[in-house]
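Some notes on the structure that comes next.
The values are calculated or read from the model by the stated rules, or taken from the named source; none is laboratory data. Predicted, not measured: the structure shown is a model, and the values here were computed from it. For neighbour counting, all protein chains shown are included, and Cβ atoms are generated from backbone atoms with ideal geometry for every residue, glycine included.
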């Protein structure tokens with residue numbers, strides 16, 4: 001079933017469709033029944049925020065299992081976790097089969113909600129309150145009025161603070177370089193103690209990103225790419241310096257005294273003539289740069305998913 005076919009059919013069942021989130025929603029008996037149309041996942045996902053009423057937990061689980069067994073060819077998963085019922089349906093090539101399964105699913109959830117075995121909940125606070133249907137980010141969520149007001153206040157506060165901050169690129173770059181160099185020094189010292197195999201770049205990356213944010217005040221995707229480049233360059237230099245230092249320590253232990261120029265020559269000769277030595281060095285560099293990229297992606301994903309998201313008007 002295509003998205004347009006899903007839209008046409010779900011409306012006949014009394015649902016409304018939100019195109020941005022690709023979610024159909026319906027409200028009855030205080031419950032908000034959500035069905036997400038997943039094209040890429042090749043499935044539909046039904047979500048219902050609720051709790052069993054009294055001692056009905058076992059009965060609810062049994063009814064869900066029975067429904068799954070009756071439709072086992074098209075239902076991939078049925079679960080009740082985090083105060084939500086989840087039911088996943090596979091999509092098929094035959095639209096008529098899809099329609100029949102969706103109709104059976106909607107009928108089952110309607111009967112379940114009207115059986116007094118479930119209590120509708122706010123998705124955010126998890127309390128039994130009157131809820132509306134709101135778009136939060138790219139997801140439709142049933143939220144009570146108190147949580148909506150609190151989230152909107154938080155959003156406006158964070159938004160105002162963010163807009164007041166003006167990025168200082170020069171100061172941010174200085175902080176990033178300082179942080180990266182500090183992380184590189186830590187990597188050099190740890191290299192003499194533990195075989196980190198490039199994992200020491202995490203210190204270079206973290207301190208580089210933190211240095212930019214502290215001094216530059218406001219991070220963007222562009223500054224993230226710049227920080228990744230700075231961290232990568234400093235990490236490569238720190239790895240080379242760590243190898244030179246390790247060679248110098250070995251020479252000193254063998255009674256050769258401190259010979260910096262000799263350490264450089266031996267290290268360069270090893271990289272130029274010893275394939276295994278060069279391979280190990282390049283492997284460490286590859287792992288380290290991969291760690292730097294992972295830290296950068298994780299940092300910006302954390303900012304994305306922890307920042308308060310704008311809440312739409314009630315869709316009902």
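A few remarks follow.
- Hits in the stretch 63-96 (condition: assigned to a helix (DSSP H, G or I) and loosely packed, with under 11 Cβ neighbours inside 10 Å): 69, 96
- Count of the stretch 136-163 residues which are under 30 Å from residue 71 (Cβ atoms), buried (at least 19 other Cβ atoms within 10 Å of the Cβ) and in contact (Cβ under 8 Å) with a residue 40 or more places away in the chain: 2
- Filter pass, residue 202 being closer than 16 Å to residue 287 by Cβ and either in contact with a helix residue (DSSP H, G or I) (Cβ under 9 Å, 6 or more places away or on another chain) or surrounded by fewer than 24 Cβ atoms within 10 Å (Cβ to Cβ) (or both): yes
- Qualifying residue in the stretch 65-73 (condition: in contact with a strand residue (DSSP E or B) (Cβ under 9 Å, 6 or more places away or on another chain) and within 18 Å of residue 131 (Cα to Cα)): no
- Condition check for residue 123 on (1) farther than 30 Å from residue 55 by Cβ; (2) touching a residue at least 60 places away in the same chain (Cβ under 8 Å); (3) assigned by TED's automatic domain parsing to the domain that holds residue 63: one failure, at (1).
- All positions within the stretch 37-62 that are closer than 29 Å to residue 130 by Cα, in a loop (DSSP other than H, G, I, E, B) and without any contact (Cβ under 8 Å) to a residue 12 or more places away in the chain: 54, 55
- Pairing residues of the stretch 64-78 that are more than 12 Å from residue 101 (Cα to Cα) with residues that are assigned to a strand (DSSP E or B), at Cβ distances under 6 Å and at least 6 apart in sequence or on separate chains, gives 64/78; 76/88; 76/90; 77/88; 78/87.
- All told, residue 235 meets the bar of being within 16 Å of residue 280 (Cα to Cα) and at pLDDT 75 or above.
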